[in-house]
Amino acid sequence: MKSQLFASLLGSWLMIACIVGIGPAQAHVGDHMPDSVAEMEYRILLEFKPNEFATRIKLAMVLMNQNKLAEAEIEFNLALAKSPRNLSAHFGLSQLKLKQKKTAAALEIIKKALEIAPENPTVYLNYGRILEADNLPEKASQIYKIGLKKWDINHKYPEAAEDRQQLYQALRNIRNKQNQK
């Protein structure tokens, strides 16, 4: 009974959202709802718009957060099939591979992202994190430095401004670890 009521309310919310112009990518408002509810919402949205790329990526991320790794991988791969050059899908799939302890696969995926967007500092942040997870801090440090140079040279990625701080922090963390040895 509760699930029918919830489904009815969610359906009503979706109709209202469509009428007032809230798009599917905005549906998980501020990421304040539990992942299990978001998962159901994204699945419903994808029933109506199966090619909605942003929703598919969000579903994959929510599935990964819930450790539904096989399902998340399917969603990431579907997203990549629709948009093979999309960095969000590459970043998400590389994170998933790290979570599965498959660093070689994560490195392969992030290298594809690097081929797609060699000037994007966020690629270098993710690449460095994978190298650190693979216990290669020296290589990670080099990659982080390249990412910072790319950011300083090329400001066409305003979304990477926060990543600049994360690149600096990652370098500090590596230095601190090396100094503790």
Review point. Does Ser94 count as more than 26 Å from Asn67 (Cβ to Cβ), outside the structural domain of Met61 (by TED's automatic domain parsing) and part of a helix (DSSP H, G or I)?
Key: no
Revision key, fill the gap. Among residues of region 11-64 being within 17 Å of the chain's Cα centre (by Cα) and polar (S, T, N, Q), the residue modelled with the lowest pLDDT is Gln26
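Test Lys139 against the criterion of being surrounded by 21 or more Cβ atoms within 10 Å (Cβ to Cβ) and without any contact (Cβ under 8 Å) to a residue 24 or more places away in the chain, and give yes or no.
On the way: surrounded by 21 or more Cβ atoms within 10 Å (Cβ to Cβ): no; without any contact (Cβ under 8 Å) to a residue 24 or more places away in the chain: yes.
Here the answer is no, as Lys139 does not meet what is asked.
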**Study point:** Pairs with Cβ under 6 Å, 6+ apart, first in region 160-181 and surrounded by 11 or more Cβ atoms within 10 Å (Cβ to Cβ), second small (Gly, Ala, Ser)
**Key:** Leu167/Gly147; Ala170/Gly128; Ile174/Ser141
Review point. Out of the residues in region 121-136 that are in contact (Cβ under 8 Å) with a residue 40 or more places away in the chain and hydroxyl-bearing (Ser, Thr, Tyr), which is nearest to Leu171 (Cα to Cα)?
Key: Tyr124
Check your understanding: modelled with pLDDT of 95 or more and either outside the structural domain of Val37 (by TED's automatic domain parsing) or under 21 Å from Arg43 (Cα atoms) (or both): does that describe Ala79?
Key -> no
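Does Asn179 count as assigned to a helix (DSSP H, G or I), among the polar types (S, T, N, Q) and not assigned by TED's automatic domain parsing to the domain that holds Arg43? If you could, list the steps in order and put the result at the bottom.
Numbers: assigned to a helix (DSSP H, G or I): yes; among the polar types (S, T, N, Q): yes; not assigned by TED's automatic domain parsing to the domain that holds Arg43: yes.
Yes.
So which residues in region 101-138 are assigned to a helix (DSSP H, G or I), of a type in the set (D, E, K, R) and either under 23 Å from Met64 (Cβ atoms) or in contact with a Gly (Cβ under 8 Å, 6 or more places away or on another chain) (or both)? Talk me through it step by step, then tell me what you get.
Quick first cut of region 101-138, residues assigned to a helix (DSSP H, G or I) only: 103-116, 121-133, 137-138.
Checking the rest, the ones that are also of a type in the set (D, E, K, R) come to 108, 111-112, 115, 129, 132, 138.
Result: Glu108, Lys111, Lys112, Arg129, Glu132.
The values are calculated or read from the model by the stated rules, or taken from the named source; none is laboratory data. These numbers come from a predicted model, not from an experiment. A quick note on method: Cβ atoms are made from the backbone with ideal geometry, for glycine too, and the neighbour counts reach across all protein chains shown.
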